[in-house]
Amino acid sequence: MEGAKEGDAAAMLRGQAEIWRYMLGFADSMALNCAVELRIADIIHSHGGRRVTLAQIARSIEGSPAPDLPYLSRVMRLLVRRNIFSVHHPSNGGDPLYSLTDLSRWLVRDSEMNLVPMVIMQNHPVQLAPWHCLGQCVREGGIAFQKAHGVEMWEFAGDNPKLNKMFNDAMACTAKIIMKAVLEVYGDGVGLVGSVVDVGGGTGGVIAEIVRAYPHIRGINFDLPHVVATAPAYDGVEHMGGSMFEAIPTADAVFLKWVLHDWGDEDCVKILKNCRKSIASSDQKPGKLIIVDVVLHDRDDGGGSGDLFEDIGVTFDLLMMAHQSGGKERTEAEWKVLLEQGGFPRYNIIKIQALPSIIEAFPQ
């Protein structure tokens, strides 16, 4: 019995430590945001891969003639513990030397593939405020973003050009990463069609990647008028403004990347029915719907799937709860119901080396 009590006490102690870790988990995000704001990864990268001292980092911080070295040291200590940077302590007792890791290489702005705009967006005060409303949403329903800011996210972004740009930049940076993974696995599935409309395509980065890989494709970037108004010109891409709840331009394939998770089931069915109407299909040339979105595992505990992004998918579900009107991530069973109701009874799920999966669906 004494051993059992000692075991219980040890388990409770571990539990206490875990609660402290989760309680202060926001500090990781803030330290990460601090590193992005100060461009620490860029500074280290600018030294050509060589390790650098804290003083060298401090001297390169823009807009700060006299950075506080003790503060910087404390931030770096946490980031090193999180493996975002690494530190080397010279045997001769010299200053610690810092270098990049596989994590911080995603924070180098000069890199074609980086997550800097997403880090900036997710840690912006406007985006953080709705998280404080989750409990209120559980008690009384409603939309967290609207409770925090008085309007829903899309209306807020439409009235705030800076936030709109921040959101579009974040979507564009993830589009590059995801589309690389999509085209590596599903290139033939895209390349065999003659035209593709990217619904909710933002400023056109995704459809531009598709057309660049397959120049024969006629690409249409379709989004709200205030979004496409800021879109740059791309060869082979036509920008069209409108609402996916009203009508979608006709194409052989409709592409939806991280769109349906922003909406509740009823709205998703409306969007899917409009997708079905827009697909140009014949017996000789069947059209299709290509969804790139998270597919959650059916078990809440993940079921030992071994998926690197499984836990991130569950977190994204709460992100949707915080920011969108009825948005959520879905299991395969939930996707099946939506697709059938929207007019797509046949589908395949294709895993890629990224957070979302590909759902290839076919109309009746």
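With respect to (1) at pLDDT 95 or above; (2) on the phi > 0 side of the Ramachandran plot, the lone exception for residue 202 is condition (1).
Only one of the listed residues (64, 29, 60) is surrounded by 15 or more Cβ atoms within 10 Å (Cβ to Cβ) and either closer than 21 Å to residue 103 by Cα or not acidic (Asp, Glu) (or both). That residue is 60. Being over 30 Å from residue 156 (Cβ atoms), open to solvent by 40 Å² or more (accessible area, probe 1.4 Å) and not charged (D, E, K, R) is a property that residue 48 has.
Output the residue which, of all residues in the stretch 232-264 that are farther than 18 Å from residue 347 by Cα and in contact (Cβ under 8 Å) with a residue 60 or more places away in the chain, is most open to solvent (accessible area, probe 1.4 Å). Show your work before the answer.
Going through the stretch 232-264, the residues farther than 18 Å from residue 347 by Cα turn out to be 232-251, 262-264.
With the extra rule that they be in contact (Cβ under 8 Å) with a residue 60 or more places away in the chain, the set shrinks to 262-264.
Details: 262: 16, 263: 37, 264: 16 Å².
Ranking the candidates gives 263 first.
Across the stretch 100-131, the number of residues qualifying as in a loop (DSSP other than H, G, I, E, B) and either free of Cβ contacts under 8 Å to residues at least 24 places away in the same chain or surrounded by fewer than 16 Cβ atoms within 10 Å (Cβ to Cβ) (or both) comes to 8.
Pick from 57, 61: which is touching a Phe, Trp or Tyr at 6+ places or on another chain (Cβ under 8 Å), over 29 Å from residue 321 (Cα atoms) and modelled with pLDDT of 95 or more? Exactly one residue qualifies, and that residue is 57.
Given 251, 280, 208, which one is closer than 20 Å to residue 174 by Cα and small (Gly, Ala, Ser)?
From the options 251, 280, 208, the qualifying one is 208.
In this structure, does residue 72 turn out to be of a type in the set (A, V, I, L, M) and loosely packed, with under 13 Cβ neighbours inside 10 Å? Judged against the criteria, residue 72 is not a match. Could you tell me which residue of the stretch 313-336 is farthest from residue 135 (Cα to Cα), considering only residues that are of a type in the set (A, V, I, L, M) and surrounded by 14 or more Cβ atoms within 10 Å (Cβ to Cβ)? Applying the filter and picking the extreme gives 314. Of the residues making up the stretch 340-362, those that are farther than 25 Å from residue 184 by Cα and either at pLDDT below 95 or among the aliphatic types (A, V, I, L, M) (or both) number 0. Touching a residue at least 40 places away in the same chain (Cβ under 8 Å), among the hydrophobic types (A, V, I, L, M, F, W, C) and touching a His at 6+ places or on another chain (Cβ under 9 Å): does that describe residue 97? The answer is yes for residue 97.
The values are calculated or read from the model by the stated rules, or taken from the named source; none is laboratory data. The model shown is predicted, which means the values in this text are computed figures rather than measured ones. Cβ coordinates were reconstructed from backbone atoms using ideal geometry, including for glycine residues, and neighbour counts include every protein chain displayed. Only protein heavy atoms, including side chains, enter the accessible area calculation; ligands, DNA and RNA are left aside. Shrake-Rupley method; radii C 1.70, N 1.55, O 1.52, S 1.80 Å.
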